[in-house]
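Contents: one structure, followed by commentary.
The values are calculated or read from the model by the stated rules, or taken from the named source; none is laboratory data. Computed from a predicted structure; not experimentally measured. Quick reminder, even Gly has a Cβ in these numbers, built from the backbone with ideal geometry, and neighbours come from all protein chains shown. Just so you know, the surface numbers come from the protein's heavy atoms only, side chains and all, with ligands and any DNA or RNA stripped out. Shrake-Rupley method; radii C 1.70, N 1.55, O 1.52, S 1.80 Å.
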Amino acid sequence: MTYGAKLLLAGVLLGAAGCNHGRYAAADFHLPPDANAGRGRAAFVALGCSSCHRVSGVDLPAPTVQPPVPVVLGGEVAHRLSDAYLATSMMHPSYELAPYPRAEITVNGQSRMPPYADRMTVRQMGDIVAFLQEHYAVPGDPPIDVTH
């Protein structure tokens, strides 16, 4: 097989293996390599996230919003949440609503959480995702390395 044919075959195989790619694929979303969970915790508090959300296993200021938001972040989950899912949940919270009673998390069909696309920097978003990823656990999986 010629070099060109091998290159073409490799391209086809990579294309077929990567059918889940492009704008809508979580696999193509990557945090900045220096996303930092410590900065994420600070941003989580500074941006007021803790006024609505608790993070499982983390000592943060108690939520104050009324009525209370039942969405607890972190803890045990059936599968790893992607960085893209967490980032999207902050930028466009109504895109995919959490599995809680709709009446407790929505107003007029939209998430009670406001979109944070214009309220945080990309750095803060990456850092908050790194912070949250540290606090999710899948039974039997090793802890996730958020330092990339």
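Out of region 101-123, which residues are under 13 Å from Leu31 (Cα atoms) and touching a Lys or Arg at 6+ places or on another chain (Cβ under 8 Å)? Talk me through it step by step, then tell me what you get.
Step one: filter region 101-123 for residues under 13 Å from Leu31 (Cα atoms), giving 121-123.
Arg123 - this is the single residue of region 101-123 that is under 13 Å from Leu31 (Cα atoms) and touching a Lys or Arg at 6+ places or on another chain (Cβ under 8 Å).
Among the residues of region 92-115 satisfying the criterion of being open to solvent by less than 90 Å² (accessible area, probe 1.4 Å), out of contact with any Gly (no Cβ under 9 Å at 6 or more places or on another chain) and of a type in the set (Ser, Thr, Tyr), which is farthest from Gly48 (Cα to Cα)?
The selected residue is Tyr100.
So in region 52-79, with the set limited to residues that are open to solvent by less than 30 Å² (accessible area, probe 1.4 Å) and in a strand (DSSP E or B), which one is nearest to Pro114 (Cα to Cα)?
Here the answer is Leu73.
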